[in-house]
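The values are calculated or read from the model by the stated rules, or taken from the named source; none is laboratory data. What you see is a predicted model; the values in this text were computed from it and never measured. Cβ placement follows ideal geometry from the backbone for every residue including glycine, while neighbour counts extend to all protein chains displayed. Ligands, DNA and RNA are excluded from the accessible area calculation, which covers all protein heavy atoms including side chains. Shrake-Rupley method; radii C 1.70, N 1.55, O 1.52, S 1.80 Å.
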Amino acid sequence: MLSRSTPLRIVCLGLMVGATLGAQSSAVTPLVDKEHRRMQPEAATDFSRGSTIVVAGDPSKAGAYVIRRLFKPGETSPPHYHDQDRYVTVIKGTWYSGEGDVMDPAKMVPIKTGGFMLHPAGLHHYDGSNDSGEVVVQINGMGPVTTVDVDAQGKPVRTR
């Protein structure tokens, strides 16, 4: 049986739970809404926890995934390849991409914001930003995906 003070207790409990959840959600911004359909720009560019944000799925597991990758000014990846196709869209800045086993900045092709590149499975390439600013790319693919760094002869040196 409910007493007269029960509604007040329920309201107080609700406020305490809401305050606790609010404190937790302000500390960690969800990438997508509770239905996992939408992502706001502030979450899409919050790289405070690293240089990669998993937007949807998981690149280490079977199925589709979407990630965003931040390249700081002057940061480029070493020559490498992926064992699955990857589809890259430039979200912010100008991204530079080159092909081959030896990094040659002079051969890197600039891809502006809104541009796209296909990295077919097995394509030896390197990519990143130049010294002029940050770059954010969105990468879509099917997992699990493995990235393999290669030496100047194209031989694998490290798997990540």
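I'm trying to understand the selection: among the residues of segment 71-91, which are open to solvent by less than 20 Å² (accessible area, probe 1.4 Å) and either modelled with pLDDT under 95 or among the aliphatic types (A, V, I, L, M) (or both)? Passing the criteria: Val88, Val90. Taking each residue of segment 71-85 that is at positive phi and looking for partners that are of a type outside the set (Lys, Arg) and in a loop (DSSP other than H, G, I, E, B) with beta-carbon atoms closer than 8 Å, six or more apart or interchain, yields Gly74/Ser129; Gly74/Asn130; Gly74/Asp131. Selection of segment 30-42 for residues being modelled with pLDDT of 75 or more and either assigned to a loop (DSSP other than H, G, I, E, B) or open to solvent by less than 40 Å² (accessible area, probe 1.4 Å) (or both) yields Arg37, Arg38, Met39, Gln40. Annotation: of all residues in segment 105-139 being assigned to a loop (DSSP other than H, G, I, E, B) and buried (at least 18 other Cβ atoms within 10 Å of the Cβ), the one that is farthest from the chain's Cα centre (by Cα) is Met108. Summed over segment 43-70, residues that are exposed (fewer than 13 other Cβ atoms within 10 Å of the Cβ) and assigned to a loop (DSSP other than H, G, I, E, B) total 7. Within segment 140-157, take every residue that is assigned to a loop (DSSP other than H, G, I, E, B) and either of a type outside the set (S, T, N, Q) or touching a residue at least 60 places away in the same chain (Cβ under 8 Å) (or both) and give me the one that is most open to solvent (accessible area, probe 1.4 Å). Selected residue: Lys155. Annotation: of all residues in segment 92-104 being open to solvent by 20 Å² or more (accessible area, probe 1.4 Å) and assigned to a strand (DSSP E or B), the one that is farthest from His80 (Cα to Cα) is Lys92.
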